[in-house]
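The values are calculated or read from the model by the stated rules, or taken from the named source; none is laboratory data. This is a predicted model, so every value here is computed, not measured. Reconstructed Cβ throughout: ideal geometry from the backbone, glycine too, with neighbour counts over all protein chains shown.
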Amino acid sequence: MLKYRNMKECYLYKKLSNNRVQCQACNHYCVIGNNEAGKCGVRQNQKGALFSLVYGQPCAINIDPIEKKPLYHFLPKTKTFSIATIGCNFQCQACQNYQISQAPKQNLGGSDPPRFGEGLTLPVKVMEMAIQNKCPSISYTYTEPTVFLEYAFDIMKLAKKAGLKNIWVSNGFFSKETFELILPYLDAANIDLKGLDENFYNKYCGGHLQPVLDNLKRLKQADVWLEITTLVIPTLNDSPEIFERIAEFIKKELGSETPWHISRFSPEISWKLQHLSPTPLSTLQVAQKIGQQAGLRYIHLGNV
């Protein structure tokens, strides 16, 4: 049983009958019984109130080149202050951070979840560390920021006031309620577009495609700087037809100026797909050519 040292009541949930609640942070909209947690494993119902179990408890704090997010066209050649807690609302079989993203659900972190340092790292401390390290932005990354929404949101408000930029690196499955909450403070996002197939999202990610597409369009319409990443996995989402559909969606719905990062899959660091082969560079080049033919202006190959 995982132990948590701090809790904060969640911002987005609805009270239901019989001490049940409905979480409204992401598009799972989990209905959660008393003493149970949602799909992410870090938002728990306690006597009819929903609590975040990871507030102030980052499992990773790093200073990264912003290009690592990857963002190539937003504050280029700067450093970004990166932060994450454990937990994720997806269960991507290709996940390279599964030790922290799946820790609450799989107990991969042992009897205590991995976390940064001792005691709490409160939002004001995160903002101060970013400034001290001369980072013009803070990135909510590595795992899914939606599941630590309360922590991220409180940091974002302080960062905005201090003149720092806020960046979400996300699977794009956040709810409309979450989007509206963070929008005044959100400056840029890199969103995974894992394919354009509902079956793939359901079987290999534990989610759904349409909410991701809807959020991509919302971000673009709201003038949040947006870049897209597709992890190309051999035999699963590596056909020219899939590349064509993704490229056409980006061009038509998001604009030809929207950067597309096409990333190589490495089985040795994936959660459940170690039996597959690494993505051949030639496959990424096929995707790149298809994107160019579709009229996309900025295409970047990753993990090569």
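Okay, here's what the table says:
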item	result
Considering residues of segment 262-304 that are under 22 Å from Lys68 (Cβ atoms), outside any helix (DSSP H, G or I) and among the small types (Gly, Ala, Ser) only, the residue farthest from the chain's Cα centre (by Cα)	Ser266
Hits in segment 196-245 (condition: part of a helix (DSSP H, G or I) and of a type in the set (A, V, I, L, M))	Val212, Leu213, Leu216, Leu219, Ile242
Residue match in segment 57-68 (condition: under 30 Å from Glu128 (Cα atoms), without any contact (Cβ under 8 Å) to a residue 40 or more places away in the chain and in a helix (DSSP H, G or I))	yes
Within segment 34-55, considering residues that are surrounded by 24 or more Cβ atoms within 10 Å (Cβ to Cβ) and of a type outside the set (Ser, Thr, Tyr), the one nearest to the chain's Cα centre (by Cα)	Cys40
Residue count for segment 212-235, restricted to those that are touching a residue at least 60 places away in the same chain (Cβ under 8 Å) and either within 15 Å of Leu284 (Cα to Cα) or among the aliphatic types (A, V, I, L, M) (or both)	3
Yes/no for Phe90 being at pLDDT 95 or above, out of contact with any Asp or Glu (no Cβ under 6 Å at 6 or more places or on another chain), in a strand (DSSP E or B) and crowded, with 22+ Cβ neighbours inside 10 Å	no
Among the residues listed as Ile155, Ile138, the single one being surrounded by 22 or more Cβ atoms within 10 Å (Cβ to Cβ), β-branched (Val, Ile, Thr) and part of a helix (DSSP H, G or I)	Ile155
Pick from segment 56-87, criterion in contact with a Phe, Trp or Tyr (Cβ under 6 Å, 6 or more places away or on another chain) and not hydrophobic (A, V, I, L, M, F, W, C), ranking: surrounded by the most Cβ atoms within 10 Å (Cβ to Cβ)	Thr85
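Table: residues versus (1) under 16 Å from Asn215 (Cα atoms); (2) out of contact with any helix residue (DSSP H, G or I) (no Cβ under 7 Å at 6 or more places or on another chain); (3) touching a residue at least 60 places away in the same chain (Cβ under 8 Å).
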| site | (1), (2), (3) |
| --- | --- |
| Ile138 | no, no, no |
| Ala159 | no, no, no |
| Ala162 | no, no, no |
| Trp168 | yes, no, no |
| Lys176 | yes, yes, no |
